[in-house]
2 protein chains.
Amino acid sequence: MNSQARGPVKRIADSTVRRLSLYLSFLEELNGSGTATVSSDVLARLGGTTSAQVRKDLSFFGSFGKRGLGYSVLELTASLRDILGLGRQWKVCVVGAGKIGVALARYPGFTYKGFNIVAVYDTDIQKIGSQWDALTVRDVARLPEDAIPEGFDIGVIAVPAEAAQGVADLLVASGITAIMNFAPVQIAVPADVIVRTVNMALEFEGLSFALANRAK
Amino acid sequence: MNSQARGPVKRIADSTVRRLSLYLSFLEELNGSGTATVSSDVLARLGGTTSAQVRKDLSFFGSFGKRGLGYSVLELTASLRDILGLGRQWKVCVVGAGKIGVALARYPGFTYKGFNIVAVYDTDIQKIGSQWDALTVRDVARLPEDAIPEGFDIGVIAVPAEAAQGVADLLVASGITAIMNFAPVQIAVPADVIVRTVNMALEFEGLSFALANRAK
């Protein structure tokens, strides 16, 4: 590990990005409560890590804070929002006009973070043409022709497991290179496509497994 | 790695447990569509892994399937449900009577998987005593005296980040050893306590980071 690295950002580990997100969430709370400065110790404690790790995580992106004075909450908040791309607006298309997509559209902080659901698709003829929040459900067959002109940044897979890989292939073929997968399945994509998977059932089954096998 | 391991199940990696959950979700779909047998190749493809990995994952728990015939969908479904502790019923208490807890209580498949929300707590005097789905919101101060008599298996943290560690400490002090954390923060717990964290905002910020830094 080289803390002097200033090269292509793709070298930054996912775990670092997650910690940056955590730091940001604390900074936003500190901001809300009117706190002006924060030490790496406090950020470390809140983020479940060490102050050396906090300094190292931030060092990838520049020089922050003053020795003995800590970080300016306002400045570091702005920097982290910029680093995480949260100053921008991202256009999100959702495939699967079901409960997950609706929950997402209503998720507090989703639009605040710059994620805007601009289109929703389905294969179900009964859903196509109907209203889904403020949007009209479109036929998924239209996705490839819509994606470039409408500038979708992120595709959300909100379909059952058996349909997920097909939707991923369609998103990739349409030129979308960032995918959020809510289906309970690993999807295969080319190396230049980013995928994140959210699956609450998997997490609960992990707890269940641990409880069941500890109780034996 | 030792595929002959039959020792304490705590040696099984989280990544293995996740794959078992994925295999189970496919098997349940195959069951629903009336498929009788499935090969490790098919499970591997659905789970984004190799057939050797599928066989190894299953070998931790016994001998399944017949060479050349594959696995019986019905039998392997039942075995995986048992391994993952899904034949049992788990009592879940939720701390934080807000949106996350409600979403969880209404999450399809949650009770089907054996997770039953039996109590909900809050610190807000305006919420305590009010109805929350079919439950009455209790004062969180009562949690330590309720936990053992009511047999809570899992505690859900559904409070803001700054309150999460305090709730975790309270759950641990109350004898609860499995925690699902929805707060955007790492929580510290003793080694014998299992924690899983679900945080959709972190996943989206990971995508945002990758998009922002690729676009530069």
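Out of A:A36, A:A13, one residue alone is over 25 Å from B:V198 (Cβ atoms) and of a type in the set (A, V, I, L, M, F, W, C). It is A:A36. Counting only residues that are of a type in the set (V, I, T), under 13 Å from B:G96 (Cα atoms) and not in a loop (DSSP other than H, G, I, E, B), the range B:152-171 holds 3 of them. Can you find even one residue in the range A:67-83 that is closer than 30 Å to A:A164 by Cβ, within 15 Å of the chain's Cα centre (by Cα) and touching a residue at least 24 places away in the same chain (Cβ under 8 Å)? Taking every residue of the range A:67-83 in turn, none turns out to be closer than 30 Å to A:A164 by Cβ, within 15 Å of the chain's Cα centre (by Cα) and touching a residue at least 24 places away in the same chain (Cβ under 8 Å). With respect to the conditions (1) surrounded by fewer than 17 Cβ atoms within 10 Å (Cβ to Cβ); (2) at the interface with chain B (Cβ under 7 Å from one of its Cβ atoms); (3) in contact (Cβ under 8 Å) with a residue 40 or more places away in the chain, A:E162 lacks only one, and its number is (3). Pairs are defined by a Cβ separation below 9 Å, a sequence spacing of at least 6 or placement on different chains, a first member in the range B:199-211 that is more than 7 Å from every other protein chain (Cβ to nearest Cβ), and a second member that is assigned to a helix (DSSP H, G or I) and among the basic types (K, R); the pairs so defined are B:N199/A:R18. Only one of the numbered conditions (1) crowded, with 22+ Cβ neighbours inside 10 Å; (2) of a type in the set (D, E, K, R); (3) more than 9 Å from chain A (Cβ to nearest Cβ) is violated by B:E75, and that is (1). Restricting the range A:83-100 to residues that are of a type in the set (V, I, T) and out of contact with any strand residue (DSSP E or B) (no Cβ under 6 Å at 6 or more places or on another chain), the residue that is modelled with the highest pLDDT is A:I83. Of all residues in the range A:137-151, those that are farther than 16 Å from A:D122 by Cβ and not in a helix (DSSP H, G or I) total 1. Here B:V193 meets each of (1) more than 7 Å from chain A (Cβ to nearest Cβ); (2) over 15 Å from the mean Cα position of the chain (by Cα) with one exception, condition (2).
The values are calculated or read from the model by the stated rules, or taken from the named source; none is laboratory data. If you're wondering where the values come from, they're calculated on a predicted model, not measured in any experiment. Because the Cβ atoms are built from the backbone with ideal geometry, glycine has one as well, and the counts that use them run over all protein chains shown.
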